[in-house]
Amino acid sequence: MAITITAGTVLAQDPLKVGPNIYKLVTENARIRVLEVTFKPGDQIASHSHPDHLGYVLSGGSLKITNAAGKATDMTAKAGDTFWIPAETHSAVNTGKTEVKILVVELKEPAPAPAKK
């Protein structure tokens with residue numbers, strides 16, 4: 001199952017600073033940053049930003065993601081699901097009864113410009 005969530009690209013704070021109990025740095029280089037995200041039931045993180053990023057669900061559950069414009073998206077995912085989110089600012093809360101663990105790969109380079117026709 002693939003999930004795509006879209007929103008604006010206003011930049012806020014680094015999730016490692018906003019949610020150090022939820023986000024852990026796995027590795028980083030000049031092109032990517034890999035984060036392990038662990039939401040226990042009821043855990044929430046305040047508004048933070050990501051560049052374009054891919055998520056791989058390690059253990060599933062239910063999250064509510066709210067973008068900077070206030071639009072909330074309920075996300076239910078199971079282990080093995082992937083999702084893509086273009087650069088955005090959002091907050092999140094675990095609305096379920098299970099721990100949700102996600103591996104997030106942030107792209108440090110912006111998307112290439114579309115080819116000229």
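Some points to look at:
- Taken over region 79-117, the criterion of being closer than 20 Å to ASP43 by Cα and part of a loop (DSSP other than H, G, I, E, B) is satisfied by ALA79, THR95, GLY96, LYS97, THR98, GLU99.
- Residue match in region 14-22 (condition: in contact with a helix residue (DSSP H, G or I) (Cβ under 8 Å, 6 or more places away or on another chain) and touching a residue at least 40 places away in the same chain (Cβ under 8 Å)): no
- The criterion of being among the β-branched types (Val, Ile, Thr), surrounded by fewer than 19 Cβ atoms within 10 Å (Cβ to Cβ) and free of Cβ contacts under 8 Å to residues at least 24 places away in the same chain does not hold for THR98.
- Of everything listed in (1) modelled with pLDDT of 95 or more; (2) in contact with a strand residue (DSSP E or B) (Cβ under 8 Å, 6 or more places away or on another chain), the single unmet condition for LYS71 is (2).
- Subset of region 11-27 that is surrounded by 13 or more Cβ atoms within 10 Å (Cβ to Cβ) and either of a type outside the set (A, V, I, L, M, F, W, C) or out of contact with any strand residue (DSSP E or B) (no Cβ under 7 Å at 6 or more places or on another chain) (or both) - its residue that is farthest from VAL104 (Cα to Cα): GLN13
- Evaluating LYS40 against the criteria (1) closer than 21 Å to LEU16 by Cα; (2) of a type outside the set (S, T, N, Q); (3) under 14 Å from the mean Cα position of the chain (by Cα); (4) loosely packed, with under 15 Cβ neighbours inside 10 Å leaves one unmet condition, (3).
The values are calculated or read from the model by the stated rules, or taken from the named source; none is laboratory data. A quick note: this is a predicted structure, and the numbers were derived from the prediction, not measured. Because the Cβ atoms are built from the backbone with ideal geometry, glycine has one as well, and the counts that use them run over all protein chains shown.
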